[in-house]
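Notes follow once the structure below has been shown.
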Amino acid sequence: MRLEPVESHDPRAVLRGLRAAVLGAGPAIALGGAGIAAPAPEVPAGTALVVTTSGSTGYPKSVVLSRAALTSGALATAARIGEGAWLLALPAGYIAGAQVLVRALVSGREPAILSGTFSPSAFAAAAAGMASSAGGTRIPAYTSLVPAQVATLLDSPEGARALASFEAVLVGGQALAPALADRAAAAGARLVRTYGSSETAGGCVYDGVPLDGVGVRVAGGEVQISGPILADGYLGDPDRTAAAFLHEGGTRWYRTGDAGAFDGALRVTGRVDNVIVSGGINVSLDRVEAVVRTLPGLLAAVVVPVPDARWGEASVVVVDSDAELKAIRAAVAAALGAAARPREVLRVDRIPLLPSGKPDRVTLRALANGGPVA
């Protein structure tokens, strides 16, 4: 099957490509194709989308998603939160944005698209333009955001009102801080925490509960996902595909690399590999970061590893506001033990973000280690 690159920064071009790939006969489209050699290779029959992203680790991956995987995710979302109209307020070149467009296409409704730079006024205008009804009944509106966007909207009365006008707002990309969730609830907004990745055709676990047809297990401390929403694998990388997708007893499982627990509700505690050994003691930097983010003014803080001459490895807290190292170390020690205490605080004017809304940890690690920033 032919694969056609599409300009990821043009949401309307992405929409046109997805309309043909998901509802028509194709061709499949490629988004973020820096990792795809030219000319674009053939892809398996039934492929709708290949999305290439370096993610927060900097390692490029081209994820092959079938029409069936994308539509399964869209239909399961509608079954869980309801049907209605969708607003695209995320970059269309990433799976979360592309899946907003797929949900709109599957529902038979044209998506609204936020134009220009994201801001409370632009979001409010887009939300107001979605108001419509059928047979005298209001059509519910939905959107998908990352936590940083939610925080921006809640800082503006206009944005907070617009946020509350949606039937539900899917929030993913990174953990949703409890304080931010509480602010949204107080403003009358219904946030739905989502968990997923490009390999699962976007969010597949909502508020800890898997969507219909999605299986979740924790094996060896790692969260693994099964179901019709799984990607076919990585384009041109059979070894990586075999390592990430397991076949057991007739079921195919995706190894997420996330640590967590599942007892009917999924709780993700961090990355399996985001662990340092400091003075011979394993320290989860995800847990350190979670503690730091509970402190006033540190909701956006990011914790990154650095070498340490005495302890082998240590951590640095990167912040975009004033922060006192002594208070941070005390809070972390009380929650996780003395070995987990960060070594220092690094202040930056602004936390660099990837287009997906996640912190750019590759850049932050370079800054913390005093090396060149790519």
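Enumerate the amide H contacts of VAL192 below 5 Å, restricted to partners 5 or more residues apart or on another chain; note that Pro and chain-start residues carry no placed amide H.
It is VAL169, LEU170, VAL171, by chain and number.
Tell me the mean residue ellipticity at 222 nm calculated for the chain from its helices only (DSSP H runs of n ≥ 4, each -39500 (n - 2.57), averaged over every residue, nearest 500).
-8000 deg cm²/dmol
Of the DSSP beta bridges with both residues in segment 275-368, give the percent that are antiparallel, rounding to the nearest 5.
Numbers: 12 of 16 bridges.
Counting DSSP beta bridges with both partners in segment 275-368, the antiparallel share is about 75 percent.
Explain nothing, just the number: relative contact order of the chain, from Cα pairs under 8 Å at least 6 residues apart, as a whole percent. Please report the intermediate quantities before stating the final value.
Values: 776 pairs, mean separation 42.7, N = 374.
Relative contact order for the chain comes out at 11 percent.
Report, to the nearest 10°, how far helix 67-81 tilts away from the longest principal axis of the Cα atoms in the chain, using its own Cα long axis and a range of 0 to 90°.
Roughly 80 degrees, rounded to the nearest 10.
Per-residue HN-Hα couplings for segment 162-176, Karplus 6.51 cos²θ - 1.76 cosθ + 1.60 at θ = phi - 60°, whole Hz, x for Gly and Pro?
Listing the rounded values in order: 5, 4, 6, 7, 8, 4, 7, 10, 6, 10, x, x, 6, 4, 8 Hz.
Just to check I understand the Karplus step: with θ = phi - 60° and J = 6.51 cos²θ - 1.76 cosθ + 1.60, what whole-Hz values come out for segment 96-101, glycine and proline as x?
So the Karplus estimates, Gly and Pro as x, are 5, x, 4, 6, 4, 5 Hz.
Just the projected area, averaged over all directions, of the convex hull on the alpha carbon atoms of segment 275-368: how many nm²?
Projected area, direction-averaged: 5.7 nm².
Give me the distance in nm between label points sitting 7 Å out from Cα along the Cα-to-Cβ direction at VAL277 and ARG310, one decimal.
2.0 nm
For GLY227, enumerate residues with amide H under 5 Å from its amide H, sequence gap 5+ or separate chain, H modeled in the peptide plane.
Distant-sequence amide H within range of GLY227: GLY215, ARG252.
Would you mind checking segment 121-136 for residues with the amide N under 17 Å from a putative spin-label position 7 Å along Cα→C-beta of GLU110?
It comes to 126-134, nothing else.
Let me know the charge dipole size of the chain about its Cα centre in debye, to the nearest 20, where only the beta-carbon of Lys, Arg (+1) and Asp, Glu (-1) is charged.
280 debye
With θ set to phi - 60°, apply the Karplus curve 6.51 cos²θ - 1.76 cosθ + 1.60 along segment 321-337 and write out the HN-Hα couplings as whole Hz, x wherever there is a Gly or Pro.
These are the phi-based 3J(HN,Hα) values: 8, 5, 8, 9, 4, 4, 5, 5, 4, 5, 5, 5, 4, 5, 8, 10, x Hz.
Fewest Cβ neighbours within 10 Å first, please rank PHE166, PHE245 accordingly.
PHE245, PHE166
Considering only DSSP beta bridges whose two residues both sit in the chain, what percent are antiparallel, to the nearest 5?
65 percent
Values in this text are rule-based calculations from the coordinates and carry no lab data. Please read these numbers as outputs of a predicted model, since none were measured by experiment. Note that we place each Cβ from the backbone using ideal geometry, even for glycine, and neighbour counts take in every protein chain shown.
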